[in-house]
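**Q** This is the structure I have questions about; it appears just below.
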Amino acid sequence: MTSTVPPTEEILLAETGAGAAPRRLSALSYFATKVGGAAVSMVMVILLGFFAFKVLPGDPVATLARERQLSSEQIAQLRLQMGLDKPLWQQFVDYLVNVFTLNFGESYVYKTSVSSLIGQYFWNTILLTGTSAVLAIALGLWLGQKAGWRPGSLFDRITSGMALVLWSVPTFWLALILLMVFGGTLHWFPTGGMTSPDPPADLFARILDVAAHMVLPVLTMVAVVYAQYVMVMRASLMEEKSADYLTTARAKGLRDDLVRRRHAVPNALLPAVTLMFLHIGGLIAGAVTVETVFSWPGLGKLTFEAISGPDLPLLQGTFVVFSAVIIVMNLIADFIYRRLDPRVRRG
């Protein structure tokens, strides 16, 4: 028996090979557009990293002069060492050279290169934010797909309500509450830092020591972040529930849990994938509050100290690194989204 359904235009193009070249061209155009947009964003970040911090109130030399009794000759010498005696255009050229050589200059406060400071603190931030992101994504998606499959149920009302409440809570306030209750009152977890003042010599015991110091900051970040995944996954799954292919799956005799896990959840994951990559970049940049409250030695705490200085080279370096991470994550999300969503490929 032959089919009476006429072949679509896409099938005809695939059989003749006529559509291959336009598709390749479309993919290259898409990648070039996204990479070009990311490059333009990075250039804007580099320009903003110089001019925005120049208009910040506060003079680093005046700040140092207030903390110590400095003569006018010593103040002039400090300006010379920091390069602040040069005209603005020459400072801008020096800044560009530093950025493109990944040097970022020397920190006013730490008296060492900004690059080495960022390299020293970067992985501590990745450890904290990476752990938080994995837990928040896993918890949020699991709760979201459970709540979205049975909207209006008691589980859905409790999950959505709690998620929205925690999402609304200011991060610093929640961090301080957890610090006061579980660190200061109950003494269950350390209140700050990454290791104990006298860390154990054994490797396994040292890992447990770091893990104990991570509990409260990770709990804070997960609590204020996982709600986004709950709500996105819940809404996406509720939309998928009315799809015809789920009715077909049920008609084949599949149990309700199998219909949800094998058919509905994979198709509902697409918006969550975009949110994951967008959020990972924002999570790293948003670690400033949590790292400052818990004295976690990461880029966030380094940024806070740079603002307090003001330590302009350090502030510019962390700003460029944070922005670059967000831009790269957005670019990866665009590429993955095109791979996962056929509507983007057709566009």
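**Q** What single numbered condition from (1) hydroxyl-bearing (Ser, Thr, Tyr); (2) in a helix (DSSP H, G or I); (3) more than 21 Å from GLU106 (Cα to Cα); (4) touching a residue at least 12 places away in the same chain (Cβ under 8 Å) fails to hold for THR248?
**A** Going through (1) hydroxyl-bearing (Ser, Thr, Tyr); (2) in a helix (DSSP H, G or I); (3) more than 21 Å from GLU106 (Cα to Cα); (4) touching a residue at least 12 places away in the same chain (Cβ under 8 Å) one by one, THR248 breaks only (4).
**Q** Filter segment 34-48 down to the residues that are of a type in the set (A, V, I, L, M) and either farther than 18 Å from TYR95 by Cα or open to solvent by 30 Å² or more (accessible area, probe 1.4 Å) (or both) and list them by number.
**A** Scanning segment 34-48 gives VAL35, ALA38, ALA39, VAL40, MET42, VAL43, MET44, LEU47, LEU48.
**Q** Looking only at segment 296-327, how many residues end up being among the polar types (S, T, N, Q) and closer than 16 Å to LEU117 by Cα? Write out each step before concluding.
**A** First, pick out the residues of segment 296-327 that are among the polar types (S, T, N, Q): 303, 308, 316, 318, 323.
Okay, now just the ones that are also closer than 16 Å to LEU117 by Cα, so 303, 316, 318.
Counting residues in segment 296-327 that are among the polar types (S, T, N, Q) and closer than 16 Å to LEU117 by Cα gives 3.
**Q** Further, regarding this structure: Quick check on segment 127-148: of everything there that is more than 24 Å from GLU291 (Cβ to Cβ) and touching a residue at least 12 places away in the same chain (Cβ under 8 Å), which residue is most open to solvent (accessible area, probe 1.4 Å)?
**A** LYS146
**Q** Could you tell me whether any residue of segment 116-125 is more than 28 Å from LEU219 (Cα to Cα) and at pLDDT 85 or above?
**A** Yes, segment 116-125 contains at least one residue that is more than 28 Å from LEU219 (Cα to Cα) and at pLDDT 85 or above.
So that you can scan it fast, the table gives a plain yes or no per residue for (1) on the phi < 0 side of the Ramachandran plot; (2) under 34 Å from the mean Cα position of the chain (by Cα); (3) open to solvent by less than 70 Å² (accessible area, probe 1.4 Å); (4) at pLDDT 65 or above:
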{"position": "VAL5", "(1), (2), (3), (4)": "yes, no, no, no"}
{"position": "LEU13", "(1), (2), (3), (4)": "yes, no, yes, no"}
{"position": "GLY17", "(1), (2), (3), (4)": "no, no, yes, no"}
{"position": "PHE50", "(1), (2), (3), (4)": "yes, yes, yes, yes"}
{"position": "GLU73", "(1), (2), (3), (4)": "yes, no, no, yes"}
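**Q** Taking the options PRO151, PRO197, name whichever one is outside any helix (DSSP H, G or I) and without any contact (Cβ under 8 Å) to a residue 60 or more places away in the chain.
**A** It is PRO197.
**Q** From THR318, THR289, which residue is open to solvent by 40 Å² or more (accessible area, probe 1.4 Å) and at pLDDT 80 or above?
**A** Being open to solvent by 40 Å² or more (accessible area, probe 1.4 Å) and at pLDDT 80 or above holds for just one of THR318, THR289, which is THR289.
**Q** Can you tell me which condition THR63 does not meet? The list is (1) under 29 Å from LEU331 (Cβ atoms); (2) modelled with pLDDT under 75, and all the others hold.
**A** Checking THR63 against (1) under 29 Å from LEU331 (Cβ atoms); (2) modelled with pLDDT under 75, the one that fails is (1).
**Q** A follow-up question, please. Any idea which residue in segment 100-123 is most open to solvent (accessible area, probe 1.4 Å), counting only those that are in contact (Cβ under 8 Å) with a residue 12 or more places away in the chain and outside any loop (DSSP other than H, G, I, E, B)?
**A** GLU106
**Q** Given PRO271, PRO313, PRO266, which one is part of a helix (DSSP H, G or I), at pLDDT below 85 and touching a strand residue (DSSP E or B) at 6+ places or on another chain (Cβ under 8 Å)?
**A** PRO313
**Q** Is it true that some residue in segment 26-41 is modelled with pLDDT of 55 or more, over 28 Å from the mean Cα position of the chain (by Cα) and assigned to a helix (DSSP H, G or I)?
**A** yes
The values are calculated or read from the model by the stated rules, or taken from the named source; none is laboratory data. No experiment lies behind these values; they were computed from the predicted model shown. Here Cβ is always computed from backbone atoms with ideal geometry, including for glycine, and neighbour counts include all displayed protein chains. When the accessible area is computed, the model is the full protein with side chains, heavy atoms only, and any ligands, DNA or RNA have been set aside. Shrake-Rupley method; radii C 1.70, N 1.55, O 1.52, S 1.80 Å.
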